[in-house]
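Engineer: Submitted below is the structure of interest, expressed as structure tokens.
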Amino acid sequence: MSLLDLCDNAPAFVNIDATVADAINTMIERHAGAVAVVDNDHVVAGMFSERDVMKKFALSGRAADATPVREYMSQYVVMGSPETTPAEALQVMVESHHRHLPIVDDTGKLLGVISIRHVLEAKIDLLAEQLRRLEMKRPASATIQ
């Protein structure tokens, strides 16, 4: 299964020239915990997350509608590709303490953003299906007491 199959239909993103308010509004509208920040060629330049709002921006005293998101985005971004497996993505997110992973093509253009929630929900669905199959195979006389 491709990571892109687990992503939302369209990734949440803002242009690098956007304001912090633009990024926050996009996160609210898209019900996303982070947005990718892309340049004019749609190449990922950074990520801006709820954590960036809380840890970097919230007490800065600056106006969200007049502050460029590029000043508060995380510039070091771990990225995945369509070939990255869900297990690899989960491992990277856990190890790097990031809850979102942009998925990019060979040129760095944004294709999607996967969240740790997307990966875990897919794993839960898979496990639930495996349990259903096991329950269907169990004889009727085999009950738990």
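Engineer: Tell me the trypsin sites (Lys or Arg not before Pro) within the range 1-97 that lie in a loop according to DSSP and have at most 15 other beta-carbon atoms within 10 Å.
Structural biologist: Answer by residue number: Arg62.
Engineer: Below 8 Å between Cα atoms, with a sequence gap of 6+, how large is the relative contact order for the range 3-137 in percent?
Structural biologist: Normalised by residue count, the contact order of the range 3-137 is 28 percent.
Engineer: Under a Cβ-Cβ cut-off of 14 Å, what is the net charge of the residues other than Arg30 that fall near it, where Lys and Arg count +1 and Asp and Glu count -1?
Structural biologist: With Lys, Arg at +1 and Asp, Glu at -1, the net is -3.
Engineer: In what sequence do Thr85, Thr19 fall when counting other Cβ within 10 Å, fewest first?
Structural biologist: Least to most surrounded, the residues fall as Thr85, Thr19.
Engineer: Between Ala66 and Met54, how many nm apart are label points set 7 Å from Cα along the C-beta direction?
Structural biologist: It is 2.8 nm.
Engineer: Just to confirm the filter: which chymotrypsin sites (Phe, Trp or Tyr not before Pro) across the range 54-145 are DSSP coil and have at most 16 other Cβ within 10 angstrom of their Cβ?
Structural biologist: Passing sites in the range 54-145 are Tyr76.
Engineer: While we're on this one: Using the Kyte-Doolittle scale, which helices in the chain average at least -0.5 and also have C-alpha atoms spread 18 Å or more along the helix axis, with helices defined as whole DSSP H runs?
Structural biologist: Membrane-span-like by this rule: 116-137.
Engineer: Further question on the same structure: Using alpha carbon coordinates only, what is the Rg to Rh ratio of the chain, with Rh defined as the Kirkwood radius?
Structural biologist: So for the chain, dividing Rg by the Kirkwood Rh gives 1.14.
Since every read-out is calculated from the coordinates, none of them should be taken as a lab result. The shown structure was predicted, so the numbers you read here are calculated from the model rather than taken from an experiment. Using ideal geometry, Cβ is built from the backbone for each residue, glycine included, and neighbour counts are taken over all protein chains shown.
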